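One structure below.
The values are calculated or read from the model by the stated rules, or taken from the named source; none is laboratory data. Model, not experiment: these values are computed from the prediction. Reconstructed Cβ throughout: ideal geometry from the backbone, glycine too, with neighbour counts over all protein chains shown. Keep in mind that these areas ignore ligands, DNA and RNA; they rest on the heavy atoms of the full protein, side chains included. Shrake-Rupley method; radii C 1.70, N 1.55, O 1.52, S 1.80 Å.
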Amino acid sequence: MKRIVEVTINGERHELALEPYRSLLDVLRNDVGLTGTKKGCDVGDCGACTVLLDGKPVNSCLVLGVEVGGSEILTIEGLQRGPERLHPLQDAFMRHGAAQCGFCTPGFLMMASALLDENPAPTEEEIRFGIAGNICRCTGYTKIVAAIQAAARDKAEGKA
Amino acid sequence: MSRVGSSIVGTSVKRTDVIGKVTGTARYAGDVKLAGMLHGKMKRSTIAHANIRRIDASRALALPGVKAVLTHENVPRVLHYGAPHPRSISVTCDQYILDRKVRYWGEGVAAVAATSEEIAEEALDLIEVEYEPLPAVFTVEAAQAPGAPQIHETAYAGNVLFKPVVVTRGDVAQGFAEADLVIEGEYETGRPTPAYMEPNVCVCQWDNTGKLTVWVSTQAAFMVRGILAEVLGLPLTRVRVLVDHMGGGFGAKQDLFQHEFLCALLAKETRHPVRMEYTRGETFVGGRSRHPCKIWLKQGFKRDGTIVAREARTVFDSGAYGSHGPGVTIVGTTALTSLYRCENVRLEGRCVYTNAPIAGAFRGYGVVQTYYALDIQMDEAAERLGMDPVELKLKNAVREGDMAPSDHPLVGHGLEDCIRRGAAEVGWAALRQRPREQAGTLRRGWGMGCEMHGSSAYPGIKEQGNAIVKMNEDGTAVLLTGAAGLGTGAHTALAQIVAEELGLAFDAVSVVHGDTDIVPWDIGAFASHTTFMVGRAAQMAAAEVKRQLLQRAGEQLEVAAEDLEVRDGVIAVRGVAGRRITVRECMGPKLGIPAANLVGNGTYTPTKSYSFAAHFVEVQVDIATGQIDVLQVIPVHEVGKVVHPIAAAGQIEGGIQQGIGHTLTEDYVIDPATGRSLNAGFVDYKMPLSLDMPPIRTILLETAPDPGGPYGAKGIGEDPIIAIGPAIANAVHDAIGVRFRHFPITPEQVLAALKEKAGAAA
Amino acid sequence: MRRFEYHEPASLDEASALLVRHGADASLLAGGTDLLVEIKEHLRWPQHVVNVKKIPGLAALEYDERNGLRFGALVTARAIETAAVVRARYAGLAQAARELGSIQVRHRATVVGNICRASPSADTLPPLIADGASVRIHGPAGGRTVALEDFFTGPGRTVLAPGELVTEVVVPPPAPRTGKHYIKHGRRKAMELATVGVAVALTLERDACRDIRIALGAVAPTPIRARAAEAALRGRALDGGTIAAAARTAMGECRPISNVRGSAEYRREMVGVLVARAIERAREGAG
Ligand code: FES
Ligand code: FES
């Protein structure tokens, strides 16, 4: 039986009729049409589906859609600060070559934005620890770590 | 060809394809959602080798929401190539969409389309399959033993895929007779998988003219089009394949994986669009791995380190289907003619079917396996000869004029340059002299490994790169390319080359790709050839457009086209100040005269260029737990000409991640008794993660440009995964004095080897 | 995922009644990080999923010097990992929480869920057992308390009767000069399932070990105490010799199996190495 769920996604209120056995990931991708959040494993092992649920990074594949009533969700589509204004992390990922195939990128960006919200000046070790649940098969992580460091610096210097 | 002061090629311009990736708007095949779309799922076998005695879909069809079920009884039975390179010797023709027989655990036996994924999944359980078990073989030895079950009727002999490849140069017996030292060893490599992040997926839709449109995650859209048309009996005008972005392939996504055919047929049968998406587990079970390989290698050395003879036998395990088995076997085996020069060589390579998961193309294509053996044996030889391994490898490194595996002479001294530069960078000589830790349980070691790899699949395939460049009336240009965007930044590199050649700003070139109805034919993105081959084709197409452009400008400026040059969007008369016109002015419409339609076509049929690398690695071994950590990697790559430094370094760092995984933690394992998959997921298939990856200090050299590539550029995609493995194994030897000749090297094996060594010493 | 019906009980009694009514067809959902994976991977197919997140009073985490630490069934691993008091007084538990899955997983996964899943390799179990934790259980017949080390009966099996659910974990406060440590052994530095987990909690008196608990994960059908090894050290000085002897004893106490993650022999050997290391680190922590 479908349940009605009211939820705020990227600042917009949605009223959704959901089957209880649909993951938040599938709801976002199929019901809401936000396909930026990716499914790399569907079982919590890769982080490609990371979104912020009330500000906290979670694997949306391991959350049921019916559980998020009353919550605020931020996805990659909502990370940008304005039509022409990227989030400093998005800009840093572009400049530093942190996205190759890009399939892992939305998940990394959401995780990294949660990380910087919590710890604006992380060490390299803290960054590596923070993104340990996000798999990238293309980059070897070097450039992702560099991009997160650069974004943190940019934010600190007020550049972004 | 190359021009001084080139400004765009060699610069890390902002990759045009990345904005969609960081904002979540880039469209991947799995993002396609069409009205009325159904969900397809595949039922997979629970036995490794069997005939299907009976298959009954009636209960599944009765489940509300199920729209169609396909089994071998109602799909076309057409023997086809799984990796459909145009009839090349690299691949085999041994597959059916669904067969009456299954050849590995997890092979697709039926497919369902339903109104939801959940219903499709439930329907799979309702399909009844009765198997008649056949004896199964899971090792190359068992598959070649007398009386082994024959897996394919199409095989060359027994379970041997194709006539074993034999390569001879010089006189091996004579060579060994002259040797002061002969080393012989057996080497074995595991079953790593590419584990790209985007699971295989496709969406199929038929329109009412009978035309099939396919959105698919592939490296080779035209190959998918060709084989779908062939198997489904359609002209090429009725199949359109679309690939916008794709989430990695690393070689494996050159194949078709059953679901592409099934998805098309389900869409046809239901008259609805259908999406079929693999689960992560399925990308292991039904995906492609590297070929597990056994290598017997024997070399003879003179006291001064000169190699006088080399003999090898390689056996590649293809698993249940041939895929790229022949290509991998040939490339991997013939690679042993080179890297370290030797005039007397005898090599034999064979490829064998087993009932294991399918091996396919994977970055490094056979060479990962054989150079692992070769380079480790060189390290061992150095030890036995009392030489520094760097010195021994340098002495024997292939160089200008030596015959490459592809049988044409090498250009330049790239390998020597890499070795020298890396040794200087890490202070190799001093490292060799450093004091060793005695206390505690941690032991450190340094090692180095070398590799070379060809761009393009020549001579196995006479490839062809194509490009079309069109001028717009505002002076900007469009590149049409069939090359896939795997994420390597290839489209950016191609646009850089076109901009460079045309004298336009990088932003003035846009790229159209990913639609087989529009872009020129392309063989697919593999064999490290995109920048090298398609880049050269793009350069040729741009040069052709430039010729037309200067012709037009010459008419406007009333000078001969030969006297004109174009730079930064301005066409000027060479040596005459002030006689100039912008490309925009030249192209634009004049009163009563429309803009010109300038189109350049470039087609390039390359031979092959070789890129080189030496990797220097420091490891730490915990002798109490056997755990090996890689502490740092200094990869030195010679690539002819760097088109985009950041993208190039990114390729190297990513390849090293995969190579470290291969060597230490990654292995796709099957139950040796049943062939059942044991670790089809990211928990137990262990790729190095952010905390496991060491710092990587990449060094790029441009000392041996190849005249066949654009501005001398050569490939880079595959190289980085090859040298890292032997570098690690050699470093482990340096750390603990144990020589491993296989991968992955597990902590348990480290402990066992240490005990054995202690026992031998006692 | 497979289809199921979904319930959001508002009270413990309601939850308990649902569990009784649906019996083996029902599964409890708290964090969901195990349950949803099991459903997706076809290891379980519940017809009814009972989400306990709407039940009030299960989200508290409290500490006082007399009673120690108490936390409810909805407290996440991330909350445990980041709580200052847990880091200060229950270092082994904090470390284990820190190594459970990823940050994303830990924001959802609950420690009580980790307990009730009863996986032999679950990270938080060895340190909680070493800490002497117990669980509060609510059921149709009322409440009861069970020591955590007596809670498990086999892989995935516990003493919970039909309709019972764990509501709270209680962990006694550490005695002065107590040190704790947890070592998880795996091939990678994160995202691992432990091939061996070793937790030690020890209390020093002068130079001797007044009390010690050693708990082992992933080397038996349930997490176990290495009681003989503990006994060998209790009241003794901790030095290289006694520690090594105890570690050897612990090797004899474990009953590991072989699987794709490691052989029984290797696991046993690692128990020896890691018990010694964990004791040494815990001793440093005890000051
Ligand atoms: S898709 Fe959710 S963690 Fe991989
Ligand atoms: S960029 Fe491809 S997986 Fe990360």
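Computed over the Cα atoms of chain B, the ratio of the radius of gyration to the Kirkwood radius (Rg/Rh) comes to 1.00. Across q = 0.19 Å⁻¹, segment C:178-286 modelled as identical point scatterers on its alpha-carbon atoms has Debye log10 I(q)/I(0) values of -0.85, in the order of the q list.
Could you give the longest part of chain C that holds none of the trypsin sites (Lys or Arg not before Pro) found in DSSP loops with at most 10 neighbouring Cβ atoms within 10 Å?
Result, exposed sites excluded: C:67-205.
Quick check on segment C:131-184: take the gyration tensor over C-alpha atoms, sort the square-rooted eigenvalues as a ≥ b ≥ c, and tell me if it's rounded (a/c under 1.5), prolate or oblate.
oblate
Where both partners of a DSSP beta bridge lie in chain B, what percent of those bridges are antiparallel, to the nearest 5? Counting only bridges with both partners in chain B, antiparallel ones make up about 80 percent.
Quick one: which bits of segment C:1-21 get at least 10 Å² less accessible when the partner protein chains are in, versus the chain alone, with a 1.4 Å probe? By number: C:Met1, C:Arg2, C:Arg3, C:Phe4, C:Tyr6, C:Glu8. For segment C:92-184, list log₁₀ I(q)/I(0) at each q in 0.11, 0.13, 0.17 Å⁻¹, using the Debye formula over Cα point scatterers of equal strength and ignoring solvent, two decimals each. Normalising to I(0) and taking log10 leaves -0.32, -0.45, -0.75. Our compactness index for chain C, the C-alpha radius of gyration over the empirical 2.2 N^0.38 Å, is 1.00.
To the nearest 10, the accessible area of C:His7 is 40 Å² with a 1.4 Å probe. Between B:Arg567 and B:Ala572, the built amide H atoms are under 5 Å apart, and every one of these is 5 or more places off in sequence or on another chain. For B:Trp105, the solvent-accessible surface computed with a 1.4 Å probe is close to 60 Å², ligands and nucleic acids excluded.
Projecting the Cα atoms of B:Ile634, B:Thr115, B:Ala48 onto the charge dipole of chain B (Cβ charges, centred on the Cα centre) puts B:Thr115 farthest toward the positive pole. FRET efficiency for A:Asp31 and B:Ala177, Cβ-Cβ distance as r, R0 = 60 Å, nearest 0.05? FRET efficiency, A:Asp31 to B:Ala177: 0.20. Taking the centroid of alpha carbons for each part, segment C:35-64 and segment A:103-148 are 29 Å apart.
Taking a sphere under 11 Å around the Cβ of B:Glu122 and counting the other residues whose Cβ falls inside, with K and R at +1 and D and E at -1, yields a net charge of 0. For segment A:75-130, the average shadow cast by the Cα convex hull is 4.1 nm², which is a quarter of the hull's surface.
Would you be so kind as to identify all helices of chain A, as entire DSSP H runs, whose Cα atoms reach 15 Å or more along the helix's own axis and whose mean Kyte-Doolittle hydropathy is at least -1.0?
Working: long enough: A:105-118 (20 Å, 0.79); A:142-156 (21 Å, 0.27).
Correct list, ordered by number: A:105-118, A:142-156.
Just flag the trypsin sites (Lys or Arg not before Pro) in segment B:69-123 sitting in loop per DSSP whose Cβ has no more than 15 other Cβ atoms within 10 Å.
B:Arg77, B:Arg87, B:Arg100
For chain A, the Cβ-based charge dipole about the Cα centre amounts to some 400 debye (Lys, Arg positive; Asp, Glu negative; other atoms uncharged). At a Förster radius of 35 Å, what calculated FRET efficiency corresponds to the Cβ-Cβ distance of B:Arg574 and A:Arg153, to the nearest 0.05? The calculated FRET efficiency here is 0.15. Between B:Ala335, B:Gln377, B:Met403, whose Cα lies farthest towards the positive end of the dipole of segment B:312-417 when Lys and Arg beta carbons carry +1 and Asp and Glu beta carbons carry -1, centred on the Cα centre? Checking the options against the dipole of segment B:312-417, the answer is B:Ala335.
For segment C:105-113, 3J(HN,Hα) computed residue by residue from phi via the Karplus equation (6.51, -1.76, 1.60; θ = phi - 60°) reads 5, 5, 5, 10, 5, 9, 5, 5, x Hz, glycine and proline entered as x.
Bridges between two residues of chain C, per DSSP, are antiparallel at a rate of about 85%. Computed over chain A, the range of Cα coordinates on each principal axis works out to 49, 30, 24 Å, biggest value leading. Reducing segment B:290-357 and segment B:36-89 to their Cα centroids gives an inter-centroid distance of 36 Å.
How much net charge surrounds B:Gly588 when only other residues with a Cβ under 9 Å from its Cβ are counted (Lys, Arg +1; Asp, Glu -1)? Let's see the in-between values first.
Details: positive: B:Arg584, B:Lys590; negative: B:Glu473, B:Asp474, B:Glu585.
Result for the local shell: -1.
For segment C:61-171, carbon and sulfur atoms together expose 47% of the accessible surface, with a 1.4 angstrom probe and every protein chain in place.
Of the GluC sites (Glu not before Pro) in segment A:40-99, the ones in a loop by DSSP (not H, G, I, E or B) with at most 11 other beta carbons within 10 Å are A:Glu84. Calculate the length of the line joining the C-alpha centroid of segment C:134-206 to that of segment B:490-553, in whole Å. Answer, in whole Å: 63.
Computed from label points 7 Å out along Cα-Cβ, the spacing between B:Lys590 and B:Thr154 is 6.1 nm. Which whole DSSP H helices in chain B pass both tests: a Cα extent of 15 Å or more along the axis and a mean Kyte-Doolittle value no lower than -0.5? Helices meeting the span and hydropathy rule in chain B are B:221-232, B:259-270, B:367-385, B:414-426, B:490-502, B:535-557, B:645-660, B:720-736, B:747-761. Set the Förster radius R0 to 45 Å, insert the Cβ-Cβ distance between A:His14 and B:Asp125 as r into 1/(1 + (r/R0)^6), and round the FRET efficiency to 0.05. Efficiency, from the Cβ-Cβ distance: 0.85.
For segment B:46-197, rounded, prolate or oblate, judged on the Cα gyration tensor with a ≥ b ≥ c (square roots of eigenvalues), a/c < 1.5 rounded, else prolate if a/b > b/c? Verdict is prolate for segment B:46-197. Each residue was assigned an accessible area with a 1.4 Å probe, and for B:Met378 the value is about 0 Å².
Excluding the sites themselves, what is the longest stretch of chain B that contains no GluC sites (Glu not before Pro) in a DSSP loop with at most 15 other C-beta atoms within 10 Å? It works out to B:179-399.
Selection among A:Tyr21, A:Gly47, A:Gly78 by position relative to the dipole of segment A:3-79 gives A:Gly47 as farthest towards the positive end (Cβ unit charges, Cα centre). Across q = 0.06, 0.07, 0.10 Å⁻¹, the protein assembly as shown modelled as identical point scatterers on its alpha-carbon atoms has Debye log10 I(q)/I(0) values of -0.52, -0.71, -1.44, in the order of the q list.
Solvent-accessible area lost on pairing A with B (1.4 Å probe, both sides summed) amounts to about 4000 Å².
Per residue, the protein assembly as shown exposes an accessible area of 34 Å² to a 1.4 Å probe, with every protein chain left in place. Based on the Stokes-Einstein relation at 37 °C and a viscosity of 0.692 mPa s, and on the Kirkwood radius from alpha carbon pairs, segment A:3-79 is assigned a translational diffusion coefficient of 275 µm²/s. Give the carbon-plus-sulfur fraction of the accessible surface of segment B:411-566 in %, rounded to a whole number; probe 1.4 Å, heavy atoms of protein chains only. Exposed carbon and sulfur together represent 50 percent of the surface.
Less than 11 Å Cβ to Cβ from B:Gly305, Lys/Arg counted +1 and Asp/Glu -1: what total charge do the surrounding residues give? Charge balance near B:Gly305 sits at +1.
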